1. Considering every residue within the stretch 257-271, establish whether at least one is part of a loop (DSSP other than H, G, I, E, B) and acidic (Asp, Glu).
2. Just checking, does the stretch 240-251 include any residue being within 14 Å of the ligand (Cβ to nearest atom), farther than 14 Å from Ile158 by Cα and touching a Ser or Thr at 6+ places or on another chain (Cβ under 8 Å)?
3. Looking at (1) in a helix (DSSP H, G or I); (2) touching a residue at least 24 places away in the same chain (Cβ under 8 Å), which one does Tyr206 not meet, given that it meets all the others?
4. Out of all the residues in the stretch 80-96, is one or more of a type in the set (A, V, I, L, M), open to solvent by 40 Å² or more (accessible area, probe 1.4 Å) and away from the ligand (no atom under 16 Å from the Cβ)?
5. For the stretch 224-236, what are the residues that are modelled with pLDDT of 95 or more, within 9 Å of the ligand (Cβ to nearest atom) and open to solvent by 40 Å² or more (accessible area, probe 1.4 Å)?
6. Scan the stretch 153-167 residue by residue and report those that are open to solvent by 20 Å² or more (accessible area, probe 1.4 Å) and either touching a residue at least 40 places away in the same chain (Cβ under 8 Å) or part of a loop (DSSP other than H, G, I, E, B) (or both).
7. Could you say whether any residue in the stretch 128-141 is open to solvent by 70 Å² or more (accessible area, probe 1.4 Å), at pLDDT 95 or above and closer than 22 Å to Gln228 by Cβ?
8. Could you count how many residues in the stretch 209-223 are in contact with a strand residue (DSSP E or B) (Cβ under 7 Å, 6 or more places away or on another chain) and either part of a strand (DSSP E or B) or within 13 Å of the ligand (Cβ to nearest atom) (or both)?
Amino acid sequence: MIKKCIFPVAGYGTRFLPATKSMPKEMLPIVNKPLVQYGVEEAMAAGLTEIGFVTGRGKRAIDDHFDISYELEHQIEGTGKEKSLEGIREIIDECTFTHIRQREMRGLGDAILTGEAIVGDQPFGVILSDDLCIEQEEPVMAQMVRLYNQFRCSIVAIEEVPSDQTEKYGIIQGESIKDGLIRVTDMVEKPKPSEAPSNLAIIGRYILTPDIFDYLRDTPPGKGGELQITDALRKQAKEGCVMAYKFRGKRFDCGSVDGFVAATAYCYEHLYQEPE
Ligand code: G1P
């Protein structure tokens, strides 16, 4: 059973300055809920209740968000406003939270390797909360856990992107196993469109088997001088097995202003319920 989920949340969020000058980008709200809460809800819906944040300086607001706020809760006790905190209270009751600092920003691979101290020797999920995934019946991480239970290997979520967008993503190449499921034969981090092996982009959902840590340790810095999870997964795919999964659901790239605004409009229309 997979219980742990790592959230790399050390990044600066420079695309949202000045909003992110003293506030973590993961705390930016989509309507009335911080981005990171959507991610934690998705993990919880998949049974991943041991949450590990790989944090950095200036991220304390995330720790506080997933903790009780006595003064505030006392203040609104017995009023209709209590309802607004039901979701976050449920998360706090059901999940545990561990925090570890990534000392330097050396890439997603480095963030995940930092999470080893939390994960230990077991398979785990990774959610990049910038990628907001909405699927109400079976959230994306739950879909992936179901696949993991069948295949017992690392799984990356993928989506078709326009060919001129490959430079923003890890791109996979592989053999189709069945509808929506591909066995990865190769992958490359942020290739130019002319060098991309396909238009199948990895989005911010992973299930990783713990041998990924050894692959990460053996991986030299890659694109941008950073330790890339894509490079470690590439080796794992060649020596073992990695599956790519075309998930069901909608994905918004909330690391970009356009995606953030689109997510806000969508969630306001489809998910938001005005407090009574
Ligand atoms: C990271 C990964 C990339 C992946 C992307 C998904 O890139 O390195 O392979 O496609 O997340 O969001 P980042 O967006 O952090 O630059």
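The values are calculated or read from the model by the stated rules, or taken from the named source; none is laboratory data. All of these numbers come straight from a predicted model, not from anything done at the bench. Note: ideal-geometry Cβ built from the backbone for every residue, glycine included; neighbour counts use all protein chains shown. Quick note on the areas: whole protein, heavy atoms, side chains included, nothing else; ligands and nucleic acids left out. Shrake-Rupley method; radii C 1.70, N 1.55, O 1.52, S 1.80 Å.
1. First, pick out the residues of the stretch 257-271 that are part of a loop (DSSP other than H, G, I, E, B): 271.
Keeping just the survivors that are acidic (Asp, Glu) gives none.
Checked the stretch 257-271: no residue is part of a loop (DSSP other than H, G, I, E, B) and acidic (Asp, Glu).
2. No, the stretch 240-251 contains no residue that is within 14 Å of the ligand (Cβ to nearest atom), farther than 14 Å from Ile158 by Cα and touching a Ser or Thr at 6+ places or on another chain (Cβ under 8 Å).
3. The number of the failed condition is (1).
4. If we filter the stretch 80-96 for residues that are of a type in the set (A, V, I, L, M), which is where we start, we get 85, 88, 91-92.
Keeping just the survivors that are open to solvent by 40 Å² or more (accessible area, probe 1.4 Å) gives none.
No; the residues of the stretch 80-96 include none that is of a type in the set (A, V, I, L, M), open to solvent by 40 Å² or more (accessible area, probe 1.4 Å) and away from the ligand (no atom under 16 Å from the Cβ).
5. Within the stretch 224-236, Glu226 is the sole residue that qualifies.
6. Step one: filter the stretch 153-167 for residues open to solvent by 20 Å² or more (accessible area, probe 1.4 Å), giving 159-160, 162-165, 167.
Once the filter is applied, which keeps residues that are open to solvent by 20 Å² or more (accessible area, probe 1.4 Å) and either touching a residue at least 40 places away in the same chain (Cβ under 8 Å) or part of a loop (DSSP other than H, G, I, E, B) (or both), the stretch 153-167 yields Glu159, Glu160, Pro162.
7. First, pick out the residues of the stretch 128-141 that are open to solvent by 70 Å² or more (accessible area, probe 1.4 Å): 136-137.
Those still in the list that are at pLDDT 95 or above too: none.
Within the stretch 128-141, none of the residues are open to solvent by 70 Å² or more (accessible area, probe 1.4 Å), at pLDDT 95 or above and closer than 22 Å to Gln228 by Cβ.
8. In the first step, residues of the stretch 209-223 are kept if they are in contact with a strand residue (DSSP E or B) (Cβ under 7 Å, 6 or more places away or on another chain); the result is 209, 212, 222-223.
Okay, now just the ones that are also either part of a strand (DSSP E or B) or within 13 Å of the ligand (Cβ to nearest atom) (or both), so 222-223.
Total meeting the criteria: 2.
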